[in-house]
Amino acid sequence: MTDLAPEPETESDSRQLPGDVAVWIFIFAELAVFGIMFIGFAVARSLDPATFHAGREALHPLIGLLNTIALITASYLVATAVHQLRNRRRGTQWRLWLAIGVSCIYTLGKLYEYVNLYSQGYNLGTDTFFMFYFFLTFFHFMHVILGQVILIVLAIKVGNGDYDGSDMNGMESGASYWHMVDLVWLVLFPMIYVLA
């Protein structure tokens, strides 16, 4: 009886999560926290739909839509930056800087919205809707800020030649975190601005 040689490993067999495993553990933990808050929001809305409907009427859905477009565009730019670096092509750094710039549309839009709502007397203590609105969106806002800092670090490292495509771990980890931030907003936006 002869031993069979092991079959060569195909690309699909060797696939793994992009980036570092520790980053994915952090991402899944953050998604779990957001998931719990989303469930809390849904339960509270089902118990008091009139308050949630009235609260939604005070929001600015066009700003929410603009923020959504900005984050999706930034994620596209980050994804293409990863692709460029992996294939050792030029254009990685400017795509990252552009993603940061585009994501600032979200940052400014959210700050404008907060100032506008506060000036009208809305805050965490107004009612259940605004408690969830401010808590959820500010928690997400802080994740966006962290994501922007990560993208700045990635852009600087690419510019310094620290990331040249030979090791994608750092780049993929940062990009994965950014895409998580975008994914959370894609749930938050319709949940708060459309369905409440």
Sort out which residues of segment 45-98 are of a type in the set (A, V, I, L, M, F, W, C), over 19 Å from A155 (Cα atoms) and either in contact with a Cys (Cβ under 9 Å, 6 or more places away or on another chain) or in a helix (DSSP H, G or I) (or both), and write them in order of number.
L47, A50, F52, A54, L62, I63, L65, L66, I69
Is it the case that segment 106-116 has a residue that's under 30 Å from P18 (Cβ atoms) and either of a type in the set (G, A, S) or not in a helix (DSSP H, G or I) (or both)?
yes
In segment 66-107, residues that are closer than 17 Å to L136 by Cα and not polar (S, T, N, Q) total 2
Hey, V187 hits all of (1) of a type in the set (V, I, T); (2) touching a Leu at 6+ places or on another chain (Cβ under 8 Å); (3) surrounded by fewer than 21 Cβ atoms within 10 Å (Cβ to Cβ) but one; which does it fall short on?
(2)
Given the criterion crowded, with 19+ Cβ neighbours inside 10 Å, among the hydrophobic types (A, V, I, L, M, F, W, C) and under 16 Å from L183 (Cα atoms), identify the matching residue among A79, A74.
A74
For Y177, are the conditions met, namely being in a loop (DSSP other than H, G, I, E, B) and crowded, with 21+ Cβ neighbours inside 10 Å?
no
Take the conditions modelled with pLDDT under 95 and hydroxyl-bearing (S, T, Y) and apply them to Y114. Does it pass?
no
Going through segment 145-169 one residue at a time, which ones are under 20 Å from the mean Cα position of the chain (by Cα), in contact (Cβ under 8 Å) with a residue 40 or more places away in the chain and closer than 22 Å to L71 by Cβ?
G147, Q148, L151, I152, L154, A155
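The values are calculated or read from the model by the stated rules, or taken from the named source; none is laboratory data. None of these values were measured; they are calculated from a predicted model. When we count neighbours, we look across all protein chains shown, and the Cβ atoms used for this are built from the backbone with ideal geometry, even at glycine.
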